[in-house]
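Structure first, commentary second.
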Amino acid sequence: MDKKTINDIDVNGKKVLVRCDFNVPLDENGNITDDTRITAAIPTITNLMDRGAKVILCSHLGRPKGEVNEKYSLKPVAEELSDLLETDVKFAKDVTGESAKETTESLENGEVALLENVRFDAREEKNDDSLSEELANLSDGIYVNDAFGTAHRAHSSTEGVSHHVDEAVAGLLMQKEIEFLGGTLEKPEKPFIAILGGAKVSDKIGVIDNLLDKVDEILIGGGMAFTFLKAKGYDIGDSICENDKLKEAKSIMEKAQEKGVKIVLPKDVRVSKEFSNEAPDKLVDSDKIPEGYQGLDIGPKTFMEFSQELQNAKTILWNGPLGVCEFEKYTIGTEQVAEAIAQNEDAVSVVGGGDSVAAIKKLELEDKFSHISTGGGASLELLEGKELPGIACLTDKIKKNIKKICGKKEITQENEEKINQEDKEEIQK
Ligand code: AMP
């Protein structure tokens with residue numbers, strides 16, 4: 001369902017509370033080592049500033065476990081934001097206390113403030129209603145959720161707050177994530193190919209199950225491939241395997257066959273006796289991995305097959321590395337797949353998961369992908385077909401009934417009010 005966004009509401013002169021995902025990596029001196037998450041929030045912030053809003057930002061950073069811990073202060077983020085926005089971003093020293101109230105009260109139109117780490121307050125992760133209300137009261141009844149990365153968590157600042165405001169809408173980053181991840185699954189152009197990797201089958205079973213009704217093919221690599229290969233009766237040596245998931249892997253392959261979905265597993269793998277970058281490695285066929293060896297990356301025959309399949313796709317969804325990407329030697333498969341997807345310029349390509357995204361960045365291929373998701377856990381849950389609390393709590397755009405309600409199609413101010421009234425009644429039902 002389409003959600004209302006910041007562009008659907010009037011924000012001029014109003015205090016607007018925006019939940020961002022500023023959970024950035026810091027080095028031991030508290031310096032931000034990667035500001036991708038901060039730059040991803042800029043379009044929403046500048047949109048609101050340009051439209052005269054008094055912008056109040058909030059976020060979590062790390063796991064301070066409900067206690068004030070300077071190590072996780074958002075102050076460095078306020079400084080980085082000031083540089084990026086070329087304006088002074090005011091910093092509140094608490095979440096909803098005196099400093100937050102004073103700082104947000106003093107905002108002029110177009111100005112920005114950042115609250116201290118919401119997880120310094122123990123009520124945040126409990127989705128405590130009193131904190132939700134205090135956060136909402138800092139605003140003039142407008143809440144924007146732009147933190148896709150935490151949308152799968154029902155916390156005070158990601159979900160609870162929405163029940164205490166007049167408008168709860170999506171920010172531009174959130175809108176993009178919903179459009180690409182949700183939209184790709186709803187109306188994919190065919191052939192639709194998913195490529196999945198990563199360590200465990202158990203993390204991705206829900207995703208595969210949901211994808212079986214939507215995709216034409218699933219290419220499987222990474223550690224999870226070995227559970228499938230073993231389920232087929234192959235010798236996988238000492239490769240990583242979830243023995244308690246063999247039955248499920250078998251049943252996925254059977255279901256795929258019934259539904260006409262092709263599952264492509266590695267034909268060959270790069271193996272080693274040790275889980276390290278230094279030990280010697282060799283290539284073997286995936287049905288004959290010798291005792292004492294473990295598979296650590298896909299081999300060239302597998303890559304050729306994956307690459308050929310990917311060239312025909314019109315929609316590509318990729319999540320998870322095809323090998324042990326922590327070791328330089330075993331990043332080849334993942335990087336080759338990133339390049340193969342980038343070469344198919346006709347396809348809509350959507351990527352999620354830290355390791356896959358890191359490979360794309362390393363190769364500087366970001367521009368060749370239609371969408372790079374900012375949320376790991378959240379994107380997987382969306383791909384599983386789950387409803388994310390941080391999205392579900394936002395106001396729906398219910399304009400399908402225009403004709404029924406107004407007897408005509410165009411929206412005038414008069415019938416817009418009528419539609420909104422009907423929407424409210426429908427939501428209350
Ligand atoms: P995930 O968090 O599920 O996306 O998995 C990422 C992890 O999968 C990375 O830490 C990789 O090292 C690991 N991985 C990928 N391929 C293999 C493999 N063949 N054997 C063991 N671990 C792997």
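Please name all residue pairs, on different chains or six or more residues apart, with Cβ atoms under 6 Å, provided the first residue is in segment 196-211 and is closer than 16 Å to Ser379 by Cβ and the second residue is within 11 Å of the ligand (Cβ to nearest atom) and among the small types (Gly, Ala, Ser). Filtered contacts from segment 196-211: Leu196/Gly320; Gly197/Gly221; Gly197/Gly222; Gly197/Gly320; Gly198/Gly222; Gly198/Gly320.
To keep it simple, each residue is scored yes or no on (1) farther than 17 Å from Thr150 by Cα; (2) surrounded by 22 or more Cβ atoms within 10 Å (Cβ to Cβ); (3) touching a Pro at 6+ places or on another chain (Cβ under 6 Å); (4) acidic (Asp, Glu).
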site: Asn7; (1), (2), (3), (4): yes, no, no, no
site: Asn23; (1), (2), (3), (4): no, no, no, no
site: Ile32; (1), (2), (3), (4): yes, no, yes, no
site: Thr46; (1), (2), (3), (4): yes, no, no, no
site: Arg51; (1), (2), (3), (4): yes, no, no, no
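The listed residues are Gly233, Gly295, and the only one of them that is over 26 Å from the mean Cα position of the chain (by Cα) and at positive phi turns out to be Gly233. In summary, Lys301 fulfils each of the numbered conditions (1) of a type in the set (D, E, K, R); (2) within 29 Å of Pro191 (Cβ to Cβ); (3) part of a strand (DSSP E or B) with the single exception of condition (3). If you go through segment 318-372 and keep only what is outside any helix (DSSP H, G or I), in contact with a Lys or Arg (Cβ under 9 Å, 6 or more places away or on another chain), within 16 Å of the ligand (Cβ to nearest atom) and touching a residue at least 60 places away in the same chain (Cβ under 8 Å), you end up with Asn319, Gly320, Gly323.
Every listed requirement among (1) over 18 Å from Gly197 (Cα atoms); (2) among the aliphatic types (A, V, I, L, M); (3) surrounded by fewer than 15 Cβ atoms within 10 Å (Cβ to Cβ) is met by Met304 save one, (1).
Looking only at helices (runs of 4 or more DSSP H) that fall completely inside segment 25-110, which ones have 3 or more residues that are free of Cβ contacts under 8 Å to residues at least 12 places away in the same chain? So that I can check it myself, show each step before the final result.
Details: elements: 36-50, 75-85, 98-105.
It comes to 75-85, 98-105.
Would it be correct to say that Ala154 is in contact (Cβ under 8 Å) with a residue 60 or more places away in the chain, more than 16 Å from the ligand (Cβ to nearest atom), among the small types (Gly, Ala, Ser) and more than 25 Å from Glu345 (Cα to Cα)? For Ala154, the condition - in contact (Cβ under 8 Å) with a residue 60 or more places away in the chain, more than 16 Å from the ligand (Cβ to nearest atom), among the small types (Gly, Ala, Ser) and more than 25 Å from Glu345 (Cα to Cα) - is met. Kindly establish whether Val16 is in a loop (DSSP other than H, G, I, E, B) and within 28 Å of Glu387 (Cβ to Cβ). Spelling it out, it is not the case that Val16 is in a loop (DSSP other than H, G, I, E, B) and within 28 Å of Glu387 (Cβ to Cβ).
To keep it simple, each residue is scored yes or no on (1) closer than 27 Å to Gln308 by Cβ; (2) within 16 Å of the ligand (Cβ to nearest atom); (3) touching a residue at least 40 places away in the same chain (Cβ under 8 Å); (4) not assigned by TED's automatic domain parsing to the domain that holds Gly13.
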{"residue": "Glu133", "(1), (2), (3), (4)": "no, no, no, no"}
{"residue": "Asp140", "(1), (2), (3), (4)": "no, no, yes, no"}
{"residue": "Gly160", "(1), (2), (3), (4)": "no, no, no, no"}
{"residue": "His164", "(1), (2), (3), (4)": "no, no, no, no"}
{"residue": "Ala194", "(1), (2), (3), (4)": "yes, yes, yes, yes"}
{"residue": "Glu217", "(1), (2), (3), (4)": "yes, no, yes, yes"}
{"residue": "Asp235", "(1), (2), (3), (4)": "yes, yes, yes, yes"}
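Within the set Glu254, Glu278, Glu242, Glu291, the sole residue that is under 30 Å from Glu387 (Cβ atoms), in the same structural domain as Ala358 (by TED's automatic domain parsing) and away from the ligand (no atom under 15 Å from the Cβ) turns out to be Glu254. Checking the stated criteria, Leu107 turns out not to satisfy the condition of being of a type in the set (A, V, I, L, M, F, W, C) and within 24 Å of the chain's Cα centre (by Cα).
The values are calculated or read from the model by the stated rules, or taken from the named source; none is laboratory data. Values in this document were obtained by computation on a predicted structure and should not be read as measured data. Here Cβ is always computed from backbone atoms with ideal geometry, including for glycine, and neighbour counts include all displayed protein chains.
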